[in-house]
Every structure is written in structure tokens, then in C-alpha cells.
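FYI, it's all coordinate maths here, none of it is from the lab. Given the structure is predicted, the values throughout are model-derived calculations rather than measurements. Backbone-built Cβ (ideal geometry, glycine too); neighbour counts: all protein chains shown.
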Amino acid sequence: MTKSSFTNIQSEYLAVIDHAKCVRCKRCIQNCGWGTYSFGGDKIIADHSKCVACGRCYTYCPEGAISILKNPTVMRENGNWQDYHIKNIWRQSETGGIAISGMGTPLKYKKYFDHILLDACQVTNPPIDPLREPMELKTFLGKKPSKLELDFNEDGQPILKNPMPPQIELATPFIFAPMSYGSISLNAQKAMALAARALGIVMNIGEGGLHDELVPFGKNIIVQVASGRFGVNRDYLNSGVAVEIKIGQGAKPGIGGHLPGEKIGADISRTRMIPAGTDAISPAPHHDIYSIEDLRQLIYAIKEAINYEKPVSVKVAAVHNIAAIVSGIVRAGADIVYIDGFTGGTGAAPIIIRDNVGIPIEIALAQVDQRLREEGIRNEASLVAAGSIRSSADAVKAIALGADAVAIGTAALVVMGCHICGKCHTGNCSWGITTQRPELTRRLDPEEYGEKLYNLITAWSHEMKDILGAMGVNSIESLRGSKERLRGIELTDSELKVLGIKHAGM
Amino acid sequence: MITIDAKDMHYKELNKIIRENIASGIKNFFLENVNGQYYIGDGIKGDDITITVNGVPGNDLGVFMDGPSIIVNNNVQDNVGNTMNAGKITIKGDAGDVVGYGMRGGRIYIRGNAGYRIGIHMKGYNTQIPVIIIGGKVGSFFGEYMAGGVMVLLGLNNSEELAGEYFGVGMHGGTIYLKKKIDFSKYSKEVEFLEANDEDMIFLKKYLIEYANDFNLQAEDLINGPFYKIVPSSARPYAHLYTSSAL
């Protein structure tokens, strides 16, 4: 049989070693999870075809002897037939497989956050200096009463007539987005747990069950129930501050997940409560949810199991009819609705879904917030926005568009060294994040990266206070859904209309 | 022991009374006039707790349950034993759709028939082997995505068709036993059809005896073979479905 013509698809990157600088310490060989480097007797040799530009080698090369270059060998340029179209056709013609990748879509869709500008005070009302004056970022997630009825006690102090529905208290309106043990390493989860505890916020452990070592972090954990029901039992439901029903994910709305059997080792098997070595399959639907009424049934099944003591969240992907869907979810009894935009991250998704299905979070949020207000049920649930929040500015804009808080997933992984190489699904992550290989996971120190996560959220919170101060408001609550403080730039009339904002200058 | 008259009672109230009584040490419950109340036995724990239900309980009977036993002297509705971890549910009549979804342990014995989507994503773990035995027949999607545990389909009610379409689709763990041969050609490609061996029969025997006792049947009639067995052809049915994308 002749050798297949496409097995040597041109390498994406070149791992170039400056042999004059290289001291042959072999740290690159050790650090690369992809097996790019080997020792050729007297010098390091690089197999370019294995390099994914994850940046681990040059970060840890003590001599600065490694450069990762984009392969200058050109594919014939064509604005229509792009490199990845052609390469994927070759790969798929070799394997017959669905092309999958990790992380959110890398395609250049319009990013609406980049076309929204924030307001500030000049003369007519004064800005506030957050360094000198109190600035409130504290956020409560959960159903709020439509009105407060008060009684007064003997001392004349007001007390609530009806008990407040259960809430999650966040010191700052950020949460760490759901990422399961299995899709990421336990050390990566621990880093987020440590940071969440120090920050007074929460992390979501995703659908892969709760590892024993995370149990002590219960006050900073949201547990998830997805269609595979991994690790879900009565104790699990009661182990966090809230329970989330995962319906969909921004990167892959409408499809399920397969954690391949080779990643199900003893520890993951125990946490997911499934046998080692079998595929962990999350079916596309929950087979007990085929309608809003069925969703209500599961929401209340969970509420009964947790004695109505904690809020129940429902996570959905932003899709075309999201406003009506979220209205249904709220009416079904969800206390929190988590909306994941189409640029959200993933451990693995078919690219055909990731790159083509769903809608931007900005538009989804604006529409959902407006719809819930029109229907008079905005207070019935909190909204969490996700889907590539890249900076505190994105977070502030999301809140002004209607979110109560934002979730960050990819940004948290970037803190841990992620270069967004998009190879999470291979399990070779050199940074020890999306891998279960012990020699790789042990390099991710939860304490060290927990502190860095703490730093990032602290920095973003300071920035958020600065923005609020400039706008002359002293609490994040005052900005929520305040689209009047946003203006669009380089947007069409339809885009402005759907976002519910005016053009700059108006 | 406590008897609760559930007539005209909302599920929230009924379940609250059950939870409070469990907390105060009551082990035996008799629920009378049950008429469609949801979530009976939701998330309750304790191997020595027994709930006897007279009337027809509503959806999600025994959801998230972890140890107790529920006996229903009638039919049940949908989602029985949803994501159940341990315990036993005995149903003297028929069951609705979605029995034992994501069930990880315990037993569900149904004397009559059951509906669609039975045992979807049932899973075993360690010493936990969930077992569902159905006396009659079932609808379509039986054992879809089944990942572990055991289901037994007896076909006692002289039903023509033992099961509907899409039998064992995506099954990647666990075992289904049948007391009657089926036309295997129309079922999922992901499973294999074998005759049960001695080892299987030793395993099945204790469950079938218990089942026979629960429903006043002759155990010998149930145990006498032959039994047929359906197992997945791979623990990784989708191992070759994917290729790494260039972008």
C-alpha cells in the first residue's frame, strides 16, 4: 500500500533552537507535553509537527534559546479557502472523524464588547474616587422578592415579614466558570477553590463530580448536575452553596460530551462514580427533561433534596430564541440563570458546532434582560454571563447589559499558563491544566496559581471600582441593566436595537 | 410507624412531613390516598426506612434516594428512581417513562410493564450494582447510553413485543437479561446478543427469588432458563469518532 499523501500535513509552527545559546539542560524535553523535543546525542532536536505553540518550553528555557515561529512555508493564499479548511479536509479524509478542538472559537466573529463604550461623569455630576469613598461590589445571586414587607421588632428595628429566598453571596461579581475534574486537572480545580475562598466568591466544579479534596471548600463551590449525572447523589447536592443544572454550553449548544475512557483513571472514576476505562458520556439532552415543565420537575426535585435551602441555577447556551427560553427557565423556578455565549470555552467540541452554532453573549444578555423586565420577572432570578470575558471592561459591560455577575473560565486558565493552543482534548497540556498525566499535573501548584487568580480578580475588581467611580455610581447594583450608560460604535441600527443601546454621540 | 393521609395534600407538605419524621427517628411510613404527589422519598437516606404507598404516586418517586425502601401497591408515573443511589422501589403495577435514569445503585422491581426510556445512562460503580427487573414489556429506547448495572426483562404478561425500537443504543456498560428471545436484527449495532451462562444465572438467581417473593410468584418459574444476555460490544463506542482539528 502506498503511503498516504496527507500524513505530512505542513507543521503549523517551527520550534527553533539556537544551539549557540542552548546548554543542553533538556528542560524543554521535560516540559513539553507533546513530545516535540528529543536529545540527538549532542543537541536538542525538535519535531515541528508536534508543536502546538503552547509556550511552555520557551517560558522555562533558562537560556532563552527557543523561538516558536509560525511556519513560513505558505499554503497558497486564498481568502475563501483558508488553511484550516484545507487541512481539516485532509485530516478528515484520512480518518473519517469529526474534527474536534478545545477552547472557544478562534474565528474572527464581531466582538460586541469591543464596539460598546462606557459613560463617565463630567461636570454635571461628580465622579467618585473609589480610593477614598466606599464602593460596593458585593453581589447576591438568587431570587429576590418583588417587594419587601417589613415588621418592626420591640426595639423598632425593621425585620422582614417573609424570609429572603436563599442567596449566594459574592464579595465581587465574578465566579469561576464550570470546568469538570476530567476536563481539567484536580490541581487546576484546587487553585480556583483556594482563590474563591480567599476572594469570597465561588467556583463551579462542572459536571464531573466533587473530589474528596474539594469537599472542605463547600462554601465556595457550586455543584453541577448534567445529563450524565456523574457523581450526583444526595450528599453531593448538599455539599455546595448552590446546585446548577447544566443544559448547554456556549461552545457546543445542543450536543453532549464524551470524556474518553483513556482519561478515566482511578481518581476520576471515583469522583465521577463510574468504572475506570469506560467513556464518560453526557447525552445531549437530560432524558428527564424534554420541556420547560420537565425542567421545572428537576429543579424542584433538587430543591426538595436540598430542603429549599440553596438556590438552583440553570446553565444554558445562548441560542437564537434565548429570551423566551430564559423566561421559561425563570418561570420553571430557577433562582439563577447562567447564559454562556457562543465564544465560550470547552475542553473538547466538534469545531463545526463550536464555530457555527449559538449567538454572542452581549446580544443574548441584552435580549434576556429586556424580556424579563417586560414580563415583570427580572427579580425572580439572577443572571450570570459567560462566554469569553477577557477583561474587567467586558465584565462591566456585561453587567450594564443586564448580568448580575460574570463567570470566567478561559481567563482563569490563562492565569495558570494557558496560551489558548486549543488542544485541551488531547490530554497533553504542558501546563498541567487540561491533562491527567501525573508528570504534567504536578507542575501546576495550586497555592501559587491560587494566589495569581486572587491577584487577577482583585485587580479586575479595582478596575471595576474605577469605572463605577468614573460613572459616578457607588455600587455595582446601580449599573446593572443600565444600558443608558453604554454607547455603541461601528454598529448598525439593527445591532444597536438588539443591544438596546444608543450610538455614540446620541 | 406513622400513617399519613395524603388526600388533597401538596407534595411540598407531604415530603416535609416525611423528612421531619425521618429526622425524629420514624422508620415506617404508610402513605394513604396518594394521588399524583411528586418527589415522594426525594433525597432521603437510611437503609432501615420503609415507605408504603397506597394510591398512585406522582413523578420522580425516589429521586436521589439513598438507602430506603418504597413499596407501591399500584401503578407509578414517570421518572421513578431518577439518579437513585441506593435502596429499593417495589411497584405492584405498571411504571411510566424514564425509570432509573442515571441510577447508580439499589433495585427497582416492577411487576407490570414500563414505558419509554427505561434505564437510560444507568451506571455501576465499585460495589454498587443498580438492578431493574420488569415483569412485562417496555417501550423504545430501553437501556440507551447504559453505562453499568443490570436490567432484566421478563415478559411475563405474554406480551408479543418485549421492547420497542432503539434497544440499547449507545450502550457502553452493564448487562441486559431477557427471558425471551427477541429479533436481534432490529436492535442497536453497539450491543451483542449472547446466551446467559452459569455465572450469569448465579448472579440473577438471588434477585429473581427476591422479585418472586415480593410479588407472590413462583421463583422456579422465573429462574428456569434459558435467559439471553445483551452486553455492549465496547466500553468505548465512540473512540474512533473524532479527529483533531487544525484550528
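Taking other Cβ atoms within 10 Å as a rough exposure proxy, A:LEU194, B:LEU194, A:LEU496 sort from fewest to most as B:LEU194, A:LEU496, A:LEU194.
Considering only B:MET201, B:MET103, B:MET84, the Gaussian network model of chain B with Cα springs below 10 Å gives its largest mean-square fluctuation to B:MET201. A Förster radius of 35 Å, combined with the Cβ-Cβ distance separating A:VAL123 from A:ALA459, puts the computed FRET efficiency at roughly 0.75.
Averaged over the residues of peptide B:99-107, the number of Cβ atoms from other protein chains lying within 10 Å of each residue's Cβ is 3. Quick one: among B:ILE17, B:ILE91, B:ILE133, which has the greatest mean-square fluctuation in a GNM of chain B with alpha-carbon springs under 10 angstrom? Among B:ILE17, B:ILE91, B:ILE133, the largest mean-square fluctuation in the Gaussian network model of chain B belongs to B:ILE17. Counting charges near B:TYR238 (Lys, Arg +1; Asp, Glu -1) among other residues having Cβ under 11 Å from its Cβ returns a value of -1. The C-alpha atoms of chain B define a longest principal axis, and helix B:198-214 lies at about 30 degrees to it.
Backbone N atoms of segment A:325-351 closer than 18 Å to the 7 Å Cα→Cβ label point of A:ASP114 belong to residues A:341-345. Values of log10 I(q)/I(0) for segment B:94-237 across q = 0.16 Å⁻¹ run -0.75, by the Debye formula with one identical scatterer at each alpha carbon and no solvent.
Of all the options B:VAL34, B:VAL99, B:VAL131, the one that moves most in a Gaussian network model of chain B with Cα springs shorter than 10 angstrom is B:VAL34. Modelled this way, with points 7 Å down the Cα-to-C-beta line, the labels at B:LYS7 and A:GLU293 are 2.7 nm from one another.
Which net charge results when you count Lys and Arg as +1 and Asp and Glu as -1 among the other residues whose beta-carbon is under 9 Å from that of A:LEU372? Can you show the working numbers first?
On the way: positive: A:ARG371, A:ARG373, A:ARG378; negative: A:ASP369, A:GLU374, A:GLU375, A:GLU380.
Here the count lands on -1.
Across every pair of different alpha-carbon atoms, what Kirkwood hydrodynamic radius in Å does the protein assembly as shown reach?
Working: mean 1/r = 0.0357 Å⁻¹.
Answer for the protein assembly as shown: a Kirkwood hydrodynamic radius of 28.0 Å.
Between A:LYS26 and B:GLN128, the FRET efficiency from the beta-carbon distance, with R0 = 56 Å, is close to 0.75. Counts of other chain beta carbons within 10 angstrom of each beta carbon in peptide A:92-100 average 4. Across all directions, the shadow cast by the convex hull of segment A:13-97 built on its C-alpha atoms averages 7.0 square nanometres. Given R₀ = 35 Å, what would the calculated FRET efficiency be for B:GLU160 paired with A:ILE98, taking r from the Cβ atoms and rounding to 0.05? According to the calculation, E is roughly 0.35.
Exposure proxy for A:SER93, A:SER185: other Cβ atoms within 10 Å of each Cβ, ordered fewest to most, give A:SER93, A:SER185.
Taking 18 Å as the cut-off, the amide N atoms of segment A:464-490 that come nearer than this to a point 7 Å along the Cα-to-beta-carbon line of A:LYS138 belong to A:465, A:474-480.
Counting DSSP beta bridges in the protein assembly as shown, what percent are antiparallel, to the nearest 5? It would help to have the intermediate numbers written out before the result.
Values: 31 of 102 bridges.
The antiparallel fraction comes to roughly 30 percent.
Of A:LYS144, A:LYS315, the sequence from fewest to most neighbouring Cβ atoms within 10 angstrom is A:LYS144, A:LYS315. With the convex hull constructed from alpha-carbon coordinates only, chain B shows a mean projected area of 15.4 nm² over all directions.
Legend: Rg and Dmax of segment A:139-503, from Cα coordinates, 19.9, 65 Å.
Relative protection proxy for A:149-158, A:379-388, B:228-237, A:40-49, from highest mean packing down: A:379-388, B:228-237, A:40-49, A:149-158 (other beta-carbon atoms within 10 angstrom). If the segment from B:LYS181 to B:THR52 were pulled out straight at 0.36 nm per residue, it would be longer than the present Cα-Cα gap by 43.0 nm. For the residues of B:234-242, the average number of beta carbons from a partner chain within 10 Å of their own beta carbon is 6.
Counting Cα-Cα pairs of segment A:284-421 in 10 Å increments starting at 0 gives whole-percent bin shares of 12, 39, 35, 14, 1.
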